[in-house]
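Let me begin by presenting the structure, written as C-alpha cells, before commenting on it.
FYI, it's all coordinate maths here, none of it is from the lab. Just so it is clear, the model here is predicted, and its values are computed rather than measured. Here the Cβ positions follow ideal geometry from the backbone for every residue, glycine too, while neighbour counts run over all protein chains shown.
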C-alpha cells in the first residue's frame, strides 16, 4: 500500500535496508516516498538493478553483514539499518555489525521459533533496537481476536494497557440511530474515536449518529472493553474451540497462544512427519494428518460446530476458499491470512471475516518505528501509528513540564478539528479523559487525528 509523502519539515533519515524481498521492496517504496535517503543491499544483482530502476535509491550488491559492504553503504553516517533478508542469523549479524560500526538504530526480522523465547535477551545483548517476528506477531493478533470474537480489529497502545477496538455495529443495537451524546448513560470508561462508513472516516463528537453496519472504533482498557460490550448487549466470551488448517510457523505460535487460553484446538496438516513433530511440540492440541482443503474431512472433523476457524496454508487462494466454505457451513469466528497485499482491493469486498496481512503488518510496524525515530529528533513523540487504513494517525506523546497543554482541563484546551485525546497513561494507570481531566507533566498521551506532520504535543492546539 502506497503511503503519501510526509511534510517536508520532517527530519530526513539515512537508512540502509539489507534484503530486497517483498518486505524489503515494500519498505523501499514507503520510506523513499517519505523522502528518506535509502541505500539497499542485496546479493542478487538483478534485484539491485530492479529496485534502483524503480525508486530513487542507491543499490549495492553484496552481503549486508560484510564490513566492507556496510562501509560502502555509508554505515558511519547512517541513522538506521533494517535487516530483512531470508536468514535470521544474517539479519542479527548485520544489525550487530551496524551497531558497532555506526552506532545507529537497527531493526532485524527473526522468524525461527527456536529464537522465540530469547528475542528480548538477543535484542539487549546485541544492542538491536527492534526485533520483529512476523509469524509470532500474526499469531498474537489472531489470539487477541479470538479472545474477543465480536471485534474485527484490536490494536494496543500505552505499552499494552489500552486497546483500540473496532467492531461492526449490528442492526437494532441500542447505539443505532441516535446521537453519541445520548450514549453517555452507559457509564463505561471508554472513548469512541472513529466511525468508518463506506469510504468515509469520521472522528466522532456528541452529534455523531451511529448507523447499523458502521465500523465503530473505541479506546478502553481490556477490562472496560468487556464491560462496554456487555452494556450494549454484545457477546464477549472468547471462543472455546478452534480448527486450524496447516501446520506452519504461524500455526505453531497461534496454538501456543490458544493453549494458554484453554481453547480446544485441532490442527489439520498434510505432511505426516510434520504432524509427528507438532504432536511433540503441542501436547494439548489434536494433530490430524489430512488435507484440510478436503471438504469431506472438514465436515467429519466438525467444522459445522467449531467456534473458530483459521486457514493457515501457504496458498492465499486456498485460505480464501476455505474461509468462504466455513462461512457457509458454520457460525465460526473466521480469520483469513493473506500474504499478497495486492489482493487487498479484491478481498475487502468479500465476506472473509477478519483478514490479516502478515507482510503488511511487518512493513507497517517497521515504518511506524521509522516515523517514531524520525519524529523523536527534536520532538516529544514516543510512538506513531497509522490507523484506519492510513487515513488517521495515533501519536503517543510524553508530556514535558513546559508544555502548553499542562494545567488546563481538556474542555479548556483549543484543540484542532478532527482530533481527540484518546487516553492518558499516568504512573501505570490508564485514564480515558473527560472534559474536566487535566494533562500533567510526565503523562503519556495518545492523540488520534486525521492531521499529519505533528512533531510536538503543542501542535494539537489551534
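Return the Cα extents of the range 282-354 along principal axes one, two and three, sorted largest first, each rounded to a whole Å.
If we take the Cα atoms of the range 282-354, the spans are 37, 23, 21 Å.
Grab the beta carbon distance between residue 212 and residue 76, set R0 = 56 Å, and tell me the FRET efficiency rounded to 0.05.
It comes out at approximately 0.45.
Using label points projected 7 Å from each Cα along Cα→Cβ, tell me how many nm separate residue 438 and residue 118, to one decimal.
According to this spin-label approximation, the distance is 5.1 nm.
Could you tell me the calculated FRET efficiency between residue 300 and residue 159, based on Cβ-Cβ distance and R0 = 51 angstrom, to the nearest 0.05?
That gives a FRET efficiency of 0.70.
With no solvent and one point on each alpha carbon, what is the Debye value of log10 I(q)/I(0) for the range 203-302 at q = 0.10 Å⁻¹?
Debye intensities relative to I(0), on a log10 scale: -0.46.
Using the eigenvalues of the Cα gyration tensor, what equivalent ellipsoid semi-axes result for the range 401-453 when each is taken as the square root of five times the eigenvalue, whole Å, largest first?
Three semi-axes, in Å: 17, 13, 11.
Can you put 223, 38 in order, fewest other beta carbons within 10 Å first?
Least crowded to most crowded, the residues run 223, 38.
I'd like the distance between the alpha-carbon centres of the range 360-422 and the range 288-313, rounded to an integer number of Å.
So the two Cα centres are separated by 43 Å.
Just to be sure I understand the model, the point goes 7 Å from the Cα along the line to the Cβ. What's the resulting residue 277 to residue 349 distance in nm?
4.1 nm
Using the 10 angstrom Cβ neighbour count as an exposure proxy, how do 443, 189 rank, fewest first?
Least to most surrounded, the residues fall as 189, 443.
Going by how many other Cβ atoms sit within 10 Å of their own, how do 188, 423, 78, 242 line up, fewest first?
The order, fewest Cβ neighbours first, is 188, 78, 242, 423.
How big is the gap, in Å, between the Cα center of the range 155-194 and the Cα center of the range 55-131?
41 Å
Subtracting the Cα-Cα distance from 0.36 nm times the residue separation, let me have the gained length for residue 321 to residue 89 in nm, one decimal.
Going from the current span to full extension adds 80.0 nm.
Considering the convex hull of the alpha carbon atoms of the chain, report its projected area averaged over all viewing directions, in nm², one decimal.
Projected over every direction and averaged, the Cα hull of the chain covers 22.7 nm².
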